[in-house]
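For reference, the structure discussed in these notes is given below.
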Amino acid sequence: MNIKEAISSRHSVRQYLNKPISQEHRDRLAELINSCCDESGLRIQIIYDEPMCFNTFLAHYGKFTNVTNYIALVGKKSLENLDELCGYYGQKIVLAAQQMGLNTCWVAGTYGKRKQQAEVASDEKLVCVIAIGYGANEGTKHRSKPVEKLCDVPRDDMPQWFRTGLIAAMMAPTALNEQKFFVTLDGDEPVITTKSGMMTKIDLGIVKYNFEAASGHKCR
């Protein structure tokens, strides 16, 4: 599965098989997470075989079942663009996991913040977590706003790479599927912005990663 196929096939999954993540996949995830931490300055952690974080009323209300593994996106509070960095590098891990045959779900509030087992220092913040494991299903595709609501570049003026990136951006998971981002072109440079709101900076990082991974072009 290449990265474009991973973007297309990846959907949020809340129900998981009662099956431990294999050692091979743990090793590959550890290597990737270490690389992301070195590059970003984040302190991303993955917690295995820990059932309490999602053993809460809110998690059950959110229809999470058999979630015993999760990725904790942690970084220093002083880190510039902390939320956006968590979105960007979290999505990099999410898509790599999809390529391995694992499933994931971004989670901001419906987990036990007091029960989670990641290390978070006093000068750090746990931004959100990502459930991960072997899904009981592959999830379902989310609806997207029309292109005209998300981008002001006329279709006939879109380079092929930009069109590819835009489609990938539209497939990105966002909080409550609100898609509060906007994509445009400044000369030859793609620019993605977002409205203010809860989790929109995390969403911005996720959307940027999808766009860049599919198009091969860096954006601001």
**OP:** Would you mind listing the helices (runs of 4 or more DSSP H) fully within segment 1-91 where at least 3 residues are over 24 Å from M171 (Cβ atoms) and under 18 Å from the mean Cα position of the chain (by Cα)?
**Re:** 23-40
Original post:
Where in segment 104-220 are there strands (runs of 3 or more DSSP E), lying fully within it, with 3 or more residues that are modelled with pLDDT of 95 or more and more than 30 Å from T56 (Cα to Cα)?
Top reply: 181-186, 189-194
Subject >> Residue selected from segment 171-213 under the condition of a type in the set (G, A, S) and crowded, with 22+ Cβ neighbours inside 10 Å, by the criterion farthest from N2 (Cα to Cα) >> reply: G205
**OP:** Would you be able to say whether some residue in segment 127-145 is over 22 Å from L204 (Cβ atoms), surrounded by fewer than 17 Cβ atoms within 10 Å (Cβ to Cβ) and free of Cβ contacts under 8 Å to residues at least 60 places away in the same chain?
**Re:** no
Original post:
Looking only at residues in segment 49-73 that are of a type in the set (S, T, Y) and under 17 Å from R114 (Cα atoms), which one is surrounded by the fewest Cβ atoms within 10 Å (Cβ to Cβ)?
Top reply: T56
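The values are calculated or read from the model by the stated rules, or taken from the named source; none is laboratory data. Small disclaimer: the values here were computed from a predicted structure and weren't measured. Virtual Cβ from ideal backbone geometry, glycine too; neighbours counted across all protein chains shown.
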